[in-house]
There are 2 protein chains.
Amino acid sequence: MEGVDHLAPERNKAQFDVDEMKIVWAGSRDVFEVSDRMARLVASDPAFRKDNRTMLGRKELFKNTLRKATYAWKRIIELRLNEQEAKQLRSYVDEPAFTDLHWGMFVPAIQGQGTDEQQQKWLPLAHKMQIIGCYAQTELGHGSNVQGLETTATFDPKTDEFVIHSPTLTSSKWWPGGLGKMSTHAVVYARLITNGQDHGVHGFIVQLRSLDDHLPLPGITVGDIGMKFGNGAYNTMDNGVLRFDHVRIPRNQMLMRSVLLLYLFLTPLLVSQVTREGKYVQSNVPRQLVYGTMVYVRQTIVADASTALSRAVCIATRYSAVRRQFGSHNGSPETQVIDYKTQQARLFPLLASAYAFRFVGEWLKWLYTDVTRRLQANDFSTLPEAHACTAGLKSLTTSATADGIEECRKLCGGHGYLCSSGLPELFAVYVPACTYEGDNIVLLLQVARHLMKTVSQLGSGKKPVGTTAYMGRVEHLMQCCCDVQKAEDWLRPNVVLEAFEARAARMSVACAKNLSQFTNQEQGFQELAADLVEAAVAHCQLIVVSKFLEKLQQDIPGKGVKQQLEVLCGVYSLFLLHKYQGDFLSTGCITPTQASLANEQLRSLYSQVRPNAIALVDAFNYTDHYLGSVLGRYDGNVYPNLYEEAWKDPLNDSVVPDGYHEYVRPMLKQQLRNARL
Amino acid sequence: MEGVDHLAPERNKAQFDVDEMKIVWAGSRDVFEVSDRMARLVASDPAFRKDNRTMLGRKELFKNTLRKATYAWKRIIELRLNEQEAKQLRSYVDEPAFTDLHWGMFVPAIQGQGTDEQQQKWLPLAHKMQIIGCYAQTELGHGSNVQGLETTATFDPKTDEFVIHSPTLTSSKWWPGGLGKMSTHAVVYARLITNGQDHGVHGFIVQLRSLDDHLPLPGITVGDIGMKFGNGAYNTMDNGVLRFDHVRIPRNQMLMRSVLLLYLFLTPLLVSQVTREGKYVQSNVPRQLVYGTMVYVRQTIVADASTALSRAVCIATRYSAVRRQFGSHNGSPETQVIDYKTQQARLFPLLASAYAFRFVGEWLKWLYTDVTRRLQANDFSTLPEAHACTAGLKSLTTSATADGIEECRKLCGGHGYLCSSGLPELFAVYVPACTYEGDNIVLLLQVARHLMKTVSQLGSGKKPVGTTAYMGRVEHLMQCCCDVQKAEDWLRPNVVLEAFEARAARMSVACAKNLSQFTNQEQGFQELAADLVEAAVAHCQLIVVSKFLEKLQQDIPGKGVKQQLEVLCGVYSLFLLHKYQGDFLSTGCITPTQASLANEQLRSLYSQVRPNAIALVDAFNYTDHYLGSVLGRYDGNVYPNLYEEAWKDPLNDSVVPDGYHEYVRPMLKQQLRNARL
Ligand SMILES: Cc1cc2nc3c(=O)[nH]c(=O)nc-3n(C[C@H](O)[C@H](O)[C@H](O)COP(=O)(O)OP(=O)(O)OC[C@H]3O[C@@H](n4cnc5c(N)ncnc54)[C@H](O)[C@@H]3O)c2cc1C
Ligand SMILES: Cc1cc2nc3c(=O)[nH]c(=O)nc-3n(C[C@H](O)[C@H](O)[C@H](O)COP(=O)(O)OP(=O)(O)OC[C@H]3O[C@@H](n4cnc5c(N)ncnc54)[C@H](O)[C@@H]3O)c2cc1C
């Protein structure tokens, strides 16, 4: 059966031009072309094989990653790839490695917070990989609360040096990727102390290991923090622990300039100066500026969410078309499980979410350029809104993606539990996205704060901007009535949009009202936190829905492409409306009858997705290498390959397993006394 | 700090008698005593160490399990443990092993389906572990649809044998635990064929491996199906693949008697007879009888759900009391994260769910004896209801537990992602419970079928029984009005119960109404499947709530114990009411104002749980060994132990990691050409 496309009948059903959809998914023809080329490059090179990854012990796994990451770098140089290409190549290698943090956090931290001299000194070394850097912020005792970090950097005017020290066990750096075994340098965040005065948390460039023999420098204790969730997955990364015993660094290794701050930014870190005499000079950079880069980083996280979710959806969709169970009549083939309505009701909203997150991610790219442009013109007016919006979208999309991947795994029945399905590893490697770059609940609380502020300022004439602009129409939204009378009415974009706006506005206003009954606002906020989080979620869902609808306003070429996206947009919004109908009903935005009409319309949209489902996941353009899933194979030839894959397990190296003779045989022979237990 | 109880202040806050709660949790003083003794026995024996499990490669891991499982058996014999004790001991060893399927499926299958002679022949061998058995039903191509199995057992009257054969690739047995490497025998399910006629799926005892050298017998291909989700976790089990090439077994190895059927029970399998002449004789055992044991097996699954969930909750609760983040004023300690309302709103419903599942599991034990008693009296009237009820509860509790464990992991922030937190492995080993013993969605569809039947028979005078009895009051439930006027009204059991009954009844009736608009009922059922599943969930949640309320009708001794359980019952039901308020509102069971009063009451219940939270998880009586979590340590001494644990990772064996010299150093030295890539 080699070469047969078992999914060809499915592909023939598609009612749209898949190649054009690929361009829409990629964002542009150019991005598609690069991405496609890099994906094939990686897939065709046996050095990037990853199908054996989940069977390796930690050391072997890690060694393998060192080889791959270095080899990827070699290829990047040999092929003279540009930055965009290199990034794509690394992402298709699909294996967390120390280089991720080097390029993703260390280099940008220096670019953002280093002075010109600092950049001139460090960036060339980093760009050629003569040094390897990581980003050491989180400690054993503090992650979310960055201001609580305990590592100290005490200025010693006698030697013009900072003394970096870990005063407590909980001040040990803990989690930084690439730190455990590989980094030669780190950007370390520590409390700056001059003349006995604590100036809060600042960044410092610290060398950790010798460039000669890779041994930790004096005063430095460093190692790996141990196994993490899943086989393979994030265990290719050396997340590390680091302690300083009075380690001295020159004064010029404090990061002394900044408009940018890359990480965690729940509260902005400080970037200031210390003079030769030990005088602390507060930066005159407006505090808001540091939010700029958060917008950037979070935008990439949202894009990554759509990638991860689409991979899982691609696997589950293809397998659901291959898998048949029940429903055979008189010897006819059984029903493809994708034809069961319950399967559709679980799978298609995730398919729609993948597209929705893609488009909101695309919009965030625009938002970033807009924010940057405004900053350069000293216009800070949209920053708090942009900050809240990206915080919320990071939280919303990563939570939905983590849950969605696991749902895709369950959609594959028993076989989804095998590593060869690719789904367990996809889940395990993805879930920390809900925690890093800001814990998702902590982020939603920030969104809620912004919403409460927006509501409280409504009276004052301050016009809400950007994604909160709808709040400006609060009076209308508080009393408007949904006019849906038949199921198809739910296909009208304005009807959907207004329902989501009304729901979000009413939930925020209700929270604000409840808050106003507390004399102590902060105490009220703490007390009502769970409700506030729900209001924040409603607001964020509105953003995603509205950006999907906006996308559909654009000219989208290709036969049937726009129609498919309209169907998916309908699925996404009506699915949310159904899932959260409690919100819509309790705030009186819609009636129970309208809710049930929405559900009816949703069902009919599922039927419209059905014939296009395989083509809609083909449009992601993933290679079998990247998917890494026997269940998600492009050709649908699942069973022979599952069977073959099984035999590769190390347990199958021998017919009689290790341990049988020592332990089990004596038991079977009723001679347990002879067992070497 | 050795020996200090960091959680002592929390324990002092408790307002109830923890020791008495331990008895309630265990079910009885006797069960508590055995369970406590076995837990300590395992915990104190270094042979049962498991803290290094997640770091081992597959072979080492598996060998280790062979040792532990055999050693456990040795101890069981040495200590002359009775069945209950042995079961507890095995469960505290806390590592899936081939012995699970031997005792849990193979032995019961023979007990249930074997004739007296078969039992006399096989059970003594199995009981002494002179043979090792597994349960081989699922195939590569068929899991849920047992009737679609393809393996054949063709009777050859010439030799008085069955010929067991795998005619297709998809007929390969696939998944049975213990099959891959260990089992000497299996109960194999195959299509019985006599005289060219297919009589459907039946069970056969088949020897797989030689008892001399453990090699597979002629005609048998067998191996492990490869790595599964997670490190450690279920990879200690040799789930296997098995193919038959015309393997012959004597006629008397067909299982020829049955009132019991243990597994998968989506549709009952047949147990009949084949005579010497090859005549097929249908069993005269009433078909319903086979449901009896499903009730038994599923009851243990529900009990296991409460165990798994309570472990995760115990870890997350203790760590939430240890972890502090934000909120320090003038040097005061930061806020314990358990004091954040969002943390409470995520954690406490799971704590309440663990208790709720415990009690419903206990009730299922009663249901099983009740069903058995009735069967013996030829009363089949409650069987369909009992079957639907257990199917639904299996689905509800395993889904909630799988999601709950992952939520507990997220509640621990970054550190929850470390294997040393115990949570990743707990999740990975638990999730297949949503799939095996009946896919959770397929089960809910069965519940829905039963509900639709119940509704359709309401007019006919047939009185609904057991957990569907409330349907008998459907007229009242369709029009009753909730009379809650203030938050505290939601503490009245009858108010809560009626709201849940009305919701469930109205959702079922609405589905039935929609169904009636289809001319083809089956087509209607398929089309409305997603709504039907929601109605089934509503029904199952009602069962859990009502059994919790019934439990509170009992006399429960111990200072404050009953009060705590009342609070937890309130949390469980009002949390559901809030989460599913869309159901309650759309069916008009409650008003938006009442929904918001419920939410208010829920918040105040959280405050009541707070001081008792640690004591409520102490009541599970888990040893640190069993929890296997640094974050969940009884003494709360988290940080030094996390730190110590890290250094045990194999990557920390050497300062400079394997692979550095070959790959990374050449890169740093800009001599990539020298790298051995
Ligand atoms: C795979 C991975 C890679 C990482 N890589 C890096 C890296 O390269 N460099 C680096 O510096 N760090 C890194 N980190 C650390 C990461 O940034 C932190 O784990 C993250 O910020 C969460 O902080 P925490 O662990 O302190 O969570 P905690 O804040 O301790 O969260 C615990 C619980 O408390 C709750 N909570 C906390 N504060 C509040 C509040 N104010 N209100 C309500 N609830 C609250 C949270 O919601 C959560 O439920 C990494 C982590 C992981 C898992
Ligand atoms: C860890 C583990 C251990 C196991 N141990 C054993 C063992 O010891 N012995 C043994 O024999 N087997 C064992 N199994 C197999 C297990 O019983 C099956 O995997 C399980 O029954 C699910 O069947 P499936 O894999 O065919 O799922 P499928 O039925 O293929 O499910 C795929 C999807 O289709 C959907 N679906 C299927 N039918 C319908 C329908 N009619 N309507 C709507 N949706 C439908 C499901 O909801 C699911 O989303 C084990 C499995 C696992 C994961």
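The values are calculated or read from the model by the stated rules, or taken from the named source; none is laboratory data. Every value quoted in this text rests on a predicted model; they were computed, and no experiment measured them. Backbone-built Cβ (ideal geometry, glycine too); neighbour counts: all protein chains shown.
Observations
- Unmet criterion (only one of (1) more than 14 Å from ligand 2 (Cβ to nearest atom); (2) within 11 Å of another protein chain (Cβ to nearest Cβ); (3) among the charged types (D, E, K, R)) for residue B:158: (2)
- Residue within region B:593-603 that is in a helix (DSSP H, G or I), surrounded by 22 or more Cβ atoms within 10 Å (Cβ to Cβ), within 25 Å of the chain's Cα centre (by Cα) and modelled with pLDDT of 95 or more present: no
- Out of B:131, B:164, sole residue that is over 24 Å from the mean Cα position of the chain (by Cα), away from ligand 1 (no atom under 16 Å from the Cβ), of a type outside the set (S, T, N, Q) and more than 21 Å from residue B:199 (Cβ to Cβ): B:131
- Helices (runs of 4 or more DSSP H) contained entirely in region A:444-532, each with at least 1 residues that are of a type in the set (Val, Ile, Thr): A:474-479, A:493-515
- Selection within region B:81-102 - within 14 Å of another protein chain (Cβ to nearest Cβ) and either outside any helix (DSSP H, G or I) or at pLDDT below 95 (or both): B:95, B:96, B:97
- Selected residue (criterion: surrounded by the fewest Cβ atoms within 10 Å (Cβ to Cβ)) from residues of region B:307-339 that are of a type in the set (Gly, Ala, Ser), within 16 Å of ligand 1 (Cβ to nearest atom) and in a helix (DSSP H, G or I): B:321
- One residue stands out in region B:414-435 among those that are within 7 Å of chain A (Cβ to nearest Cβ) and not in a helix (DSSP H, G or I): the one that is nearest to ligand 2 (Cβ to nearest atom), namely B:435.
- Residue A:463 modelled with pLDDT of 95 or more, more than 16 Å from ligand 2 (Cβ to nearest atom) and farther than 27 Å from residue A:93 by Cβ: no
- Any chance residue A:324 is within 16 Å of ligand 2 (Cβ to nearest atom) and either of a type outside the set (Lys, Arg) or within 14 Å of another protein chain (Cβ to nearest Cβ) (or both): yes
- Top-ranked residue in region B:438-457 [being within 12 Å of another protein chain (Cβ to nearest Cβ) and among the aliphatic types (A, V, I, L, M); ranked as farthest from ligand 2 (Cβ to nearest atom)]: B:448
- Filtered residue count, region B:181-206, keeping only those that are charged (D, E, K, R) and buried (at least 24 other Cβ atoms within 10 Å of the Cβ): 1
- Selection within region B:21-74 - farther than 21 Å from residue B:102 by Cβ, among the hydrophobic types (A, V, I, L, M, F, W, C) and at the interface with chain A (Cβ under 10 Å from one of its Cβ atoms): B:55, B:56
- Taken over region A:458-503, the criterion of being within 28 Å of the chain's Cα centre (by Cα) and free of Cβ contacts under 8 Å to residues at least 60 places away in the same chain is satisfied by A:469, A:497, A:501.
- Put simply, of B:322, B:313, B:297 the only residue that is at pLDDT below 95 and of a type outside the set (Phe, Trp, Tyr) is B:297.
- Applying a threshold of 6 Å to beta carbon distances and a minimum spacing of six or more residues, or different chains, the list of pairs starting in region A:117-129 at a residue that is closer than 15 Å to residue A:105 by Cβ and ending at one that is surrounded by fewer than 11 Cβ atoms within 10 Å (Cβ to Cβ) and modelled with pLDDT under 95 is empty.
- When region B:585-601 is filtered for residues that are more than 8 Å from every other protein chain (Cβ to nearest Cβ) and either of a type outside the set (A, V, I, L, M) or under 16 Å from residue A:579 (Cβ atoms) (or both), the ones remaining, listed by number, are B:589, B:591, B:593, B:594, B:600, B:601.
- Candidates B:81, B:101, filtered to the one that is away from ligand 2 (no atom under 16 Å from the Cβ) and on the phi < 0 side of the Ramachandran plot: B:81
- Test for residue A:536: is it within 19 Å of residue B:581 (Cα to Cα), in contact (Cβ under 8 Å) with a residue 24 or more places away in the chain, out of contact with any Cys (no Cβ under 7 Å at 6 or more places or on another chain) and within 16 Å of ligand 1 (Cβ to nearest atom): yes
- Neighbours by Cβ (under 8 Å, 6+ apart or cross-chain): first from region A:650-667, more than 7 Å from chain B (Cβ to nearest Cβ); second among the small types (Gly, Ala, Ser): A:662/A:675; A:666/A:675
- Test for residue A:116: is it over 30 Å from residue B:670 (Cα atoms), more than 15 Å from ligand 1 (Cβ to nearest atom) and of a type in the set (D, E, K, R): no
- For region A:145-178, taking the residues that are touching a Leu at 6+ places or on another chain (Cβ under 6 Å) and assigned to a loop (DSSP other than H, G, I, E, B), the one that is nearest to residue B:336 (Cα to Cα) is identified as A:172.
- Hits in region A:67-104 - residues which are touching a residue at least 24 places away in the same chain (Cβ under 8 Å) and of a type in the set (Phe, Trp, Tyr): A:71, A:73, A:92, A:98
- Just one of (1) part of a helix (DSSP H, G or I); (2) in contact (Cβ under 8 Å) with a residue 12 or more places away in the chain fails for residue B:582. It is (2).
- Screening the candidates B:163, B:146 for the property of being touching a Lys or Arg at 6+ places or on another chain (Cβ under 8 Å) and of a type outside the set (Lys, Arg) yields one hit, B:163.
- Residue satisfying condition, being touching a Gly at 6+ places or on another chain (Cβ under 7 Å) and more than 16 Å from ligand 2 (Cβ to nearest atom), within set B:411, B:367, B:350: B:350
- Looking only at residues of region A:414-471 that are among the polar types (S, T, N, Q) and near ligand 1 (Cβ under 10 Å from one of its atoms), we find that the one that is surrounded by the most Cβ atoms within 10 Å (Cβ to Cβ) is A:435.
- When residue B:558 is tested against (1) in contact with a Leu (Cβ under 9 Å, 6 or more places away or on another chain); (2) on the phi > 0 side of the Ramachandran plot, just one condition goes unmet, and that condition is (1).
- Per this entry, residue A:342 is not counted among residues that are part of a helix (DSSP H, G or I), within 16 Å of ligand 1 (Cβ to nearest atom) and not small (Gly, Ala, Ser).
- Single residue of B:143, B:114, B:104, B:178 found to be touching a Ser or Thr at 6+ places or on another chain (Cβ under 9 Å), surrounded by fewer than 24 Cβ atoms within 10 Å (Cβ to Cβ) and of a type in the set (Gly, Ala, Ser): B:104
- Inside region A:610-635, residues that are within 14 Å of chain B (Cβ to nearest Cβ) and not hydroxyl-bearing (Ser, Thr, Tyr) make up a count of 4.
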